[in-house]
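Take a look at the structure set out below.
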Amino acid sequence: MKRLEEKTLRELEDKAKCLRRHKIRMVTEAQSGHPSTGLSCADIVCALYFYIMNVRPEDPDWEDRDRFILSKGHSCGILYAALAEKGFFPVEELLTYRKINSRLQGHPCKARTPGVEMSSGSLGEGLSVGVGIALGARLDKKNYRIYVLMSDGEQNEGHVWEAAMSAAHYRLSNITAFIDRNRQQVDGYCEDIMNSEPLAEKWRAFGWRVVEIDGHNIREIIEATETASRIKERPTVIIAHTLLGKGISYMENEAEYYAKSTPEQVAQALEELR
Amino acid sequence: MKKIQEEATRYAFGEAFQELFKRNKRVVGVSGDLFMLFGLTEFARENRERCFNVGVAEQNLIGVSAGLATTGKIPFAMTIAAFASLKAVDPIKMCVAYAETNVKIVVSHGGIFVGKNGASHQDITDFAVFRAMPNMTIITPSDGVLTRKAVPAIADYEGPVYFRLGRPPVPTIHNENTNFTIGKAITLRNGSDVSIMAAGIMVHQAIKASEILKEEGIEARVIEFHTIKPIDKEAIIQAADETGAIVTAEDHNVNAGLGAAVAEILVENCPIPMKRIGVLDVFSESGPDEDLRKKYKMAAEDIVEAVKNVLARKSG
């Protein structure tokens with residue numbers, strides 16, 4: 001395993017702050033969006049796009065690219081920020097988010113946005129698509145990897161479990177899934193709305209290898225992902241323990257901030273993310 | 001080639017799929033535990049590298065097919081109509097229609113003639129669902145010959161297709177000279193008193209109806225609409241202009257299917273008397289096909305009665 005230099009780690013942590021700033025600005029400009037949920041997975045998205053994944057921004061259809069599917073499509077602001085910083089489209093375009101005629105739709109739109117692998121927003125579907133890509137990759141004897149990011153509320157969807165079962169059945173070790181375990185969903189805490197614990201045991205029972213990490217520790221994200229890529233017989237799911245709104249003091253763990261912030265709060269947020 | 005008198009369109013598909021699969025390496029088969037319905041059980045087992053079973057999981061069937069399509073494959077996703085158009089419709093909307101992936105959804109057991117299985121296995125809603133979903137093309141051939149011509153055309157077409165086939169054997173009415181073009185209706189019989197526009201299994205009832213009508217001195221034009229969407233607007237307007245009265249016939253709810261597609265064109269372009277034959281917005285039931293045809297008014301005789309109705313309303 002390539003040794004992760006301290007310098008690189010600092011750079012990735014700065015990049016994650018940058019993605020968070022973009023997200024706040026985008027949601028403020030659009031007066032619409034889900035800021036907190038993008039912040040809980042910003043470190044995962046950052047690690048994937050700026051360290052782990054092999055992609056070519058100038059050639060989004062490059063056939064050997066690694067694939068990332070944002071199954072929790074409501075966090076697309078953070079994905080768009082990563083794609084822009086990576087060079088798939090200009091950073092200035094981020095402020096067109098959710099405006100009319102924009103390439104940056106409220107939830108991922110494959111047809112409009114360079115770098116988006118599949119449309120999402122209707123929870124439960126991304127892993128299923130990932131299974132199809134993984135089967136295609138194996139058929140073509142390709143070595144690219146497929147990353148799927150789901151939310152924990154999303155585990156309520158039966159479609160997730162259909163996909164999980166089929167990934168294990170077909171031994172698709174070229175898939176690595178992430179669950180953004182921020183413990184909250186729209187109506188409240190996951191354990192109150194629809195308990196999915198014991199989550200790790202469920203995934204193991206479905207034939208997956210399970211690891212649990214601090215979803216805000218970029219070193220842990222990278223190490224868990226690299227280890228998963230060396231496992232041959234089974235896919236891996238990385239349960240990433242996170243905080244909704246991570247990075248901004250008044251948002252951390254507060255479900256209320258699914259909604260909009262005041263201008264004062266936005267200024268405070270951007271200050272904290274410097 | 002041996003002439004086939006009667007065959008089920010789902011089996012004709014199975015044979016055509018095998019030929020296509022051998023010729024075109026991008027083609028893959030995916031099914032929700034229903035390769036058997038198309039006569040493909042052995043074939044899928046012998047070709048595991050490119051034939052994937054997802055078991056009884058129709059949403060996953062569609063997601064997996066969409067994923068395969070993004071890697072450049074041409075997936076044929078196989079199940080029965082009801083499970084695709086109803087149980088799996090959100091992944092079809094999100095991962096196929098909206099994402100514009102090249103998935104071909106192939107279903108058997110369209111309509112109510114599903115071999116005594118009853119309402120759970122019938123589908124009278126699929127045309128309605130996919131007519132109202134952007135980017136979907138809906139094709140339903142009347143016989144085995146047309147099915148075999150449609151399969152390579154569907155593979156060559158770039159974009160989502162819903163290919164609706166039937167369970168029971170049906171008479172062969174087309175031959176090697178029939179031209180199959182997606183979106184182009186086929187005139188099977190000429191006539192100038194009325195046009196009977198039919199799809200799928202009801203084409204056969206339409207032909208029978210035209211023979212009954214001929215005995216009574218009424219010359220009916222019979223037009224097959226194998227493509228429900230996009231509907232052949234020119235064919236509808238021409239038939240309206242030239243015959244002045246239309247009856248539609250489909251193995252689908254009388255609401256929101258072929259009849260509605262035709263009515264929409266007529267009302268905006270050339271309003272003339274029209275009547276729709278189809279399932280009268282009720283769930284059907286178990287029973288032999290002949291009994292279902294009589295009880296649910298899906299027989300040639302019902303088309304004949306509808307023709308007389310529109311002729312009486314025709315002015316001049």
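In plain terms, if you count all Cα to Cα distances in segment A:55-141 and split them into 10 Å steps from zero, the share in each step is 18, 49, 28, 5, 0 percent. For the protein assembly as shown, a simple Cβ point-charge model (Lys and Arg +1, Asp and Glu -1, everything else neutral) yields a dipole of about 1180 debye relative to the Cα centre. The relative contact order of segment B:1-150, computed from alpha carbon pairs under 8 Å that lie at least 6 residues apart in sequence, is 25 percent. Amide H contacts under 5 Å for residue B:7: B:144, B:170, B:172, restricted to partners 5 or more places along the chain or on a different chain, H placed in the peptide plane at 1.01 Å from N.
Per DSSP H run of n ≥ 4, the term is -39500 (n - 2.57); total these for the protein assembly as shown, divide by its residue number, and report the mean residue ellipticity at 222 nm rounded to 500 deg cm²/dmol. Counting only the DSSP helices, I get -11000 deg cm²/dmol. Size descriptors for segment B:244-316, from the alpha-carbon set: Rg then Dmax equal 13.2, 44 Å. When you restrict to C-alpha pairs under 8 Å that are six or more residues apart and normalise by the size of chain B, the relative contact order lands at 17 percent. For peptide A:157-168, the mean count of partner chain Cβ atoms within 10 Å of a residue's Cβ comes to 4.
Panel values: chain A, Kirkwood radius from alpha carbon pairs, Stokes-Einstein at 4 °C and 1.567 mPa s, translational diffusion coefficient 70 µm²/s. Relative to one another, the C-alpha centroids of segment B:12-59 and segment A:51-108 are positioned 34 Å apart. Scanning chain B for GluC sites (Glu not before Pro) lying in DSSP loops with no more than 12 further Cβ atoms inside 10 Å, the longest uninterrupted stretch between such sites is B:50-157. With all pairs of separate Cα atoms included, segment A:149-222 yields a Kirkwood hydrodynamic radius of 13.2 Å. Using the Karplus relation 6.51 cos²θ - 1.76 cosθ + 1.60 with θ = phi - 60°, the per-residue 3J(HN,Hα) values for segment A:56-63 come to 10, x, 7, 9, x, 9, 3, 5 Hz, with x marking Gly and Pro. The angle between the Cα long axis of helix A:6-30 and the longest principal axis of the Cα atoms of chain A comes to about 60 degrees, rounded to the nearest 10. In units of the compact-protein estimate 2.2 N^0.38 Å, segment A:172-274 shows a Cα radius of gyration of 1.29. Approximating the spin labels as points 7 Å out from Cα along Cα→Cβ, the residue A:111-to-residue A:86 distance works out to 2.3 nm.
Could you sort B:126, B:241, A:64 by accessible area so the largest value comes first, with the probe set to 1.4 Å? Walk me through the numbers on the way to the answer.
Numbers: B:126 0, B:241 115, A:64 60 Å².
Correct descending sequence by accessible area is B:241, A:64, B:126.
Solvent-free Debye calculation, one equal scatterer per alpha-carbon of the protein assembly as shown: log10 I(q)/I(0) at 0.06, 0.12 Å⁻¹ equals -0.37, -1.08.
Of the chymotrypsin sites (Phe, Trp or Tyr not before Pro) found in segment B:17-72, not one falls in a DSSP loop while having at most 15 other beta-carbon atoms within 10 Å. On a 0 to 90° scale, report how tilted helix B:233-243 is relative to the longest principal axis of chain B, with both axes built from alpha carbons and the result rounded to the nearest 10. That helix lies at roughly 20 degrees to the long axis.
Under 5 Å from the amide H of residue B:275 lie the amide H atoms of B:246, B:247, B:248, each residue being 5 or more positions distant or on a separate chain, with H modelled from the backbone and absent for Pro and chain starts. Quick one: with all protein chains in place, what share of the accessible area of the protein assembly as shown is carbon or sulfur, to the nearest percent (1.4 Å probe)? Exposed carbon and sulfur together represent 49 percent of the surface.
With a 10 Å cut-off around each Cβ of A:116-125, the average count of Cβ atoms from other chains is 5.
Multiplying each eigenvalue of the alpha-carbon gyration tensor of segment B:75-208 by 5 and taking the square root yields semi-axes of 25, 18, 14 Å, largest first, rounded to whole angstroms. Once you divide the Cα radius of gyration of segment B:181-267 by 2.2 N^0.38 Å, the number left is 0.99.
Rounded is the label for segment B:1-155. Its Cα gyration tensor axes, ordered a ≥ b ≥ c, give a/c under 1.5.
Among the listed pairs A:7/A:86; B:25/B:104; B:87/B:184, give every one whose C-alpha distance is greater than 23 Å.
Details: A:7/A:86 19 Å; B:25/B:104 15 Å; B:87/B:184 30 Å.
Check vs 23 Å cut-off fails for B:87/B:184.
Backbone phi angles across segment A:99-106, fed through the Karplus curve with coefficients 6.51, -1.76 and 1.60 (θ = phi - 60°), yield HN-Hα couplings of 8, 4, 6, 6, 7, 10, 7, x Hz in residue order; Gly and Pro are listed as x.
Return the percentage of antiparallel bridges among DSSP beta bridges fully within chain A, rounded to the nearest 5 %.
In chain A, approximately 10 percent of DSSP beta bridges are antiparallel ones.
Summing Cβ point charges (Lys, Arg +1; Asp, Glu -1) relative to the Cα centre of segment B:142-285 gives a dipole of roughly 280 debye.
Here segment A:138-197 and segment B:285-316 have alpha carbon centers that stand 51 Å from each other.
Pairing chain B with chain A buries about 2100 Å² of accessible area. This figure sums both sides and uses a 1.4 Å probe.
Set Lys and Arg Cβ to +1 and Asp and Glu Cβ to -1, take the dipole of the protein assembly as shown about its Cα centre, and tell me which of B:309, A:124, A:30 lies farthest positive. Result: A:124, furthest along the dipole toward the positive end. Can you bin segment A:1-160 into rounded, prolate or oblate? Criterion: square roots of the alpha carbon gyration tensor eigenvalues sorted a ≥ b ≥ c, rounded for a/c under 1.5, prolate for a/b above b/c, oblate for the rest. Since a/c stays below 1.5, the shape of segment A:1-160 is classed as rounded. Computed on chain A, with alpha-carbon pairs under 8 angstrom and 6+ residues apart, the relative contact order is 22 percent. Helix B:58-70 versus the longest principal axis of chain B: what angle, 0 to 90°, nearest 10, using Cα atoms? That helix lies at roughly 70 degrees to the long axis.
Largest first and in whole Å, the equivalent-ellipsoid semi-axes of chain B read 33, 19, 18, each the square root of five times a Cα gyration tensor eigenvalue. Counts of other chain beta carbons within 10 angstrom of each beta carbon in peptide A:136-143 average 3.
The values are calculated or read from the model by the stated rules, or taken from the named source; none is laboratory data. Model, not experiment: these values are computed from the prediction. As a convention, Cβ positions derive from the backbone with ideal geometry for all residues, glycine included, and neighbour counts pool all protein chains shown. Note: areas computed on protein heavy atoms with side chains; ligands, DNA, RNA excluded. Shrake-Rupley method; radii C 1.70, N 1.55, O 1.52, S 1.80 Å.
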